[in-house]
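What follows is a set of notes on a single structure, which appears directly below.
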Amino acid sequence: ERSRNAKAQARHRAKRKAYIEQLEQTVTKLQTALALSPEQVAALPPPSARIRQLEHENATLRAENDDLRR
């Protein structure tokens with residue numbers, strides 16, 4: 001029983017390590033594709049803040065559009 005658990009834990013650790021390495025490679029590829037340094041990526045606003053900003057801009061433009069249609 002212990003041997004089976006130990007093997008299962010070892011498999012889990014190996015899978016998790018491979019998954020993390022794959023994620024790190026993906027991040028590196030995306031940063032290269034965007035030509036951004038890690039510092040520039042860190043300086044980007046969080047997605048939720050950008051979404052709120054775009055929603056506000058969208059609402060403003062819709063109101064302006066409605067005014068122009070009247």
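The values are calculated or read from the model by the stated rules, or taken from the named source; none is laboratory data. Here the structure is a predicted model, which means the values were calculated and not measured. For the accessible areas, the whole protein counts, side chains as well, though only heavy atoms, and no ligand, DNA or RNA atoms are used. Shrake-Rupley method; radii C 1.70, N 1.55, O 1.52, S 1.80 Å.
Summary of computed values
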| item | result |
| --- | --- |
| Residues of region 1-31 classified as acidic (Asp, Glu) and open to solvent by 100 Å² or more (accessible area, probe 1.4 Å), total | 2 |
| Qualifying residue in region 32-44 (condition: assigned to a helix (DSSP H, G or I), open to solvent by 100 Å² or more (accessible area, probe 1.4 Å) and among the aliphatic types (A, V, I, L, M)) | yes |
